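A.B. asks: Got a structure for you, questions after.
The values are calculated or read from the model by the stated rules, or taken from the named source; none is laboratory data. Keep in mind the model is a prediction, meaning the values are calculated, not measured. Every residue, glycine among them, receives a Cβ derived from its backbone with ideal geometry; neighbour counts consider all protein chains shown. Just so you know, the surface numbers come from the protein's heavy atoms only, side chains and all, with ligands and any DNA or RNA stripped out. Shrake-Rupley method; radii C 1.70, N 1.55, O 1.52, S 1.80 Å.
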Amino acid sequence: MLLILAGVAWLALGYVVPWTAVLGRQERPVLATANGTWFIWVVASQSVAVAAATIEPVFDPVRRELAVLAIMSWSVGVFLYGATGILVSLRLMLYEFGPEELTPPYWVSMGALAITVLAGARIVEMADAPMVAVTRDLIAGLAVVFWAFATWLIPVLVAAGWWRHVRRRVPLRYEATLWSIIFPLGMYAVAGIYLGRADHLPVVEAVGRAELWVAFPACVLVFAIMLVHLFQTVIAPTGPHLPPLEPKIKG
């Protein structure tokens, strides 16, 4: 069921959204709106690869078909990451960019790499099939490359957050997009664990296990802040109360 849902989302994000964004928008240039949320395009594709590779061992009648689907969606996700990375980088370099625009969804750039690593590790562990046999070594090596780049991105994103909130003094308050930081942190940990097991890399697995102790407290912290925010804004709002509006009667 998750594979079907992911497949539908993949088709929507992979075809419908770009089509409407490019041909349906009146605002030009579209590049000016590029941001970290565009990397969800990659996450959708890699989620299909993860789901297909996960259920492949227990679905013998369609094992080869699932192998083709997993490798195809993984490959598409890799190319989509390259395209999205170029578009977002051009937006940062060609248009004005202030600290207010450096929002948490830019962490999805690392999360998309992490789920690419996870999908690659699951494909490496798949049973023998013609498509898997041809690409296993290639995907195993590329997964290590993507893991290294995801690791490199973490200090960059942390420094960007420091620049935004400490140097440029943008207030740090709860917003729903903070969860787009939790996903990459958790996905990076899981990806490192699976990649370490699949490629027999104890160092990578150890890094993933250690990073779990960063992702979990961060998740608990954001969840607690969310509860406080909901209490203050929904259950017991503390803001100034405006007088009720009185209807105006003409005549």
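A.B. asks: Looking at Pro171, Pro155, which one is open to solvent by 60 Å² or more (accessible area, probe 1.4 Å), at negative phi and assigned to a loop (DSSP other than H, G, I, E, B)?
C.D. replies: The conditions single out Pro171.
A.B. asks: If you don't mind, another one. So in region 158-168, with the set limited to residues that are aliphatic (A, V, I, L, M) and exposed (fewer than 12 other Cβ atoms within 10 Å of the Cβ), which one is farthest from Ala114 (Cα to Cα)?
C.D. replies: Selected residue: Val166.
A.B. asks: Ok, one more. Of all residues in region 186-202, which are without any contact (Cβ under 8 Å) to a residue 60 or more places away in the chain and either within 18 Å of Leu113 (Cβ to Cβ) or small (Gly, Ala, Ser) (or both)?
C.D. replies: Result: Gly186, Ala189, Ile193, Gly196, Leu201.
A.B. asks: Determine whether Thr84 is crowded, with 18+ Cβ neighbours inside 10 Å and of a type in the set (S, T, N, Q).
C.D. replies: yes
A.B. asks: Sticking with this one: Cβ-Cβ under 6 Å, sequence separation 6+ or interchain: first residue in region 88-115 and more than 13 Å from Thr33 (Cβ to Cβ), partner exposed (fewer than 13 other Cβ atoms within 10 Å of the Cβ) and of a type outside the set (S, T, N, Q). Which pairs?
C.D. replies: Listed pairs, sorted by first residue: Pro99/Arg168.
A.B. asks: Look at Val166 and say whether it is free of Cβ contacts under 8 Å to residues at least 40 places away in the same chain and in a helix (DSSP H, G or I).
C.D. replies: yes
A.B. asks: Can you tell me how many residues within region 1-22 are small (Gly, Ala, Ser) and loosely packed, with under 15 Cβ neighbours inside 10 Å?
C.D. replies: 2
A.B. asks: When region 1-57 is examined, which residues are found to be modelled with pLDDT of 85 or more and among the aromatic types (Phe, Trp, Tyr)?
C.D. replies: Answer for region 1-57, where residues must be modelled with pLDDT of 85 or more and among the aromatic types (Phe, Trp, Tyr): Trp38, Phe39, Trp41.
A.B. asks: Mind checking whether some residue in region 126-143 is open to solvent by less than 30 Å² (accessible area, probe 1.4 Å), among the β-branched types (Val, Ile, Thr) and either within 14 Å of Val50 (Cβ to Cβ) or in contact with a Lys or Arg (Cβ under 6 Å, 6 or more places away or on another chain) (or both)?
C.D. replies: The answer is yes, given that some residue of region 126-143 is open to solvent by less than 30 Å² (accessible area, probe 1.4 Å), among the β-branched types (Val, Ile, Thr) and either within 14 Å of Val50 (Cβ to Cβ) or in contact with a Lys or Arg (Cβ under 6 Å, 6 or more places away or on another chain) (or both).
A.B. asks: Mind listing just one residue for me: the one in region 174-186 that is open to solvent by less than 60 Å² (accessible area, probe 1.4 Å) and hydrophobic (A, V, I, L, M, F, W, C) and, of those, nearest to Phe39 (Cα to Cα)?
C.D. replies: Here the answer is Ile181.
A.B. asks: Right, something else. Which residue out of Glu56, Glu65 is free of Cβ contacts under 8 Å to residues at least 12 places away in the same chain, within 19 Å of Met126 (Cα to Cα) and acidic (Asp, Glu)?
C.D. replies: Of the residues listed, the single one that is free of Cβ contacts under 8 Å to residues at least 12 places away in the same chain, within 19 Å of Met126 (Cα to Cα) and acidic (Asp, Glu) is Glu65.
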